[in-house]
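Heads up, the thing below is written out as structure tokens.
The values are calculated or read from the model by the stated rules, or taken from the named source; none is laboratory data. Remember, it's a predicted structure, so these values are computed and weren't measured experimentally. Here Cβ is always computed from backbone atoms with ideal geometry, including for glycine, and neighbour counts include all displayed protein chains. Only protein heavy atoms, including side chains, enter the accessible area calculation; ligands, DNA and RNA are left aside. Shrake-Rupley method; radii C 1.70, N 1.55, O 1.52, S 1.80 Å.
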Amino acid sequence: MDELDQFKRQWKEDEAFKKVNQSDIKGMLQKSSTSIVKWIFIICCLELSIGIILSIILPYEKEEFLIFEILTWVYEILSAGAVLYFAYIFYTLLNNIKNTQNTKSLMENILAVRKNANHYIKFNLWCVHYTIVLSIIHKITMEVYETHNWLMAFLIFILGIFLYIVFGYIFIKIIKGYYYLIYGLLLKKLNTNYEELTRLEQE
């Protein structure tokens, strides 16, 4: 049991202690929430850094079709921009939570972190879907362009749909598991802090 949990248990059991130290528990909840949001911000920045590093070190292959070149660049720019946006949002909320002076503002910022973290997770899952679908379309297009074999292109289409349903599903489940493990646990703790603050406000 950590320091905050011990403090809360003693606070609940001792009425005199409860009256004097309610503000101390709020301060601990604020400190705990700040730490959680800091980790969310750090992980978001690490993911952005890994994406940038991979885009630099991976070999570049020139596309035969301009449309795929454009779609790839648009995707990379939009995805990097979105991650930067979320990183900025989490950094702003981190400062807000760190410097907040009242319980209502702290609770509002916690809700904002939870909402934006959920949006960030959904955005990344959408990116996975987009990448898989674009890869299938690209493969079919190149097959038709290089061999003019429409039957083979159709078979690739069927195979692509099958792989998307089976392996894409498994891959997306793995990604969801990663986000549950990393962000889900942090958000669960943040939600516990929010519920505790709500209870304190009602007493």
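Brief remarks follow.
- Residue match in the stretch 47-62 (condition: within 22 Å of Lys189 (Cα to Cα), open to solvent by less than 50 Å² (accessible area, probe 1.4 Å) and either of a type in the set (D, E, K, R) or touching a Lys or Arg at 6+ places or on another chain (Cβ under 9 Å) (or both)): yes
- Selection count, the stretch 84-102, where residues are in contact with a helix residue (DSSP H, G or I) (Cβ under 8 Å, 6 or more places away or on another chain) and either over 15 Å from Cys45 (Cβ atoms) or of a type in the set (A, V, I, L, M) (or both): 9
- For the stretch 105-131, filtering for residues that are over 19 Å from the mean Cα position of the chain (by Cα) and without any contact (Cβ under 8 Å) to a residue 40 or more places away in the chain leaves 2.
- Candidates Tyr85, Tyr91: the one that is within 15 Å of the chain's Cα centre (by Cα), at pLDDT 90 or above, farther than 15 Å from Thr34 by Cα and assigned to a helix (DSSP H, G or I) is Tyr85.
- For the criterion of being open to solvent by less than 100 Å² (accessible area, probe 1.4 Å) and at pLDDT 80 or above, Ile77 fails.
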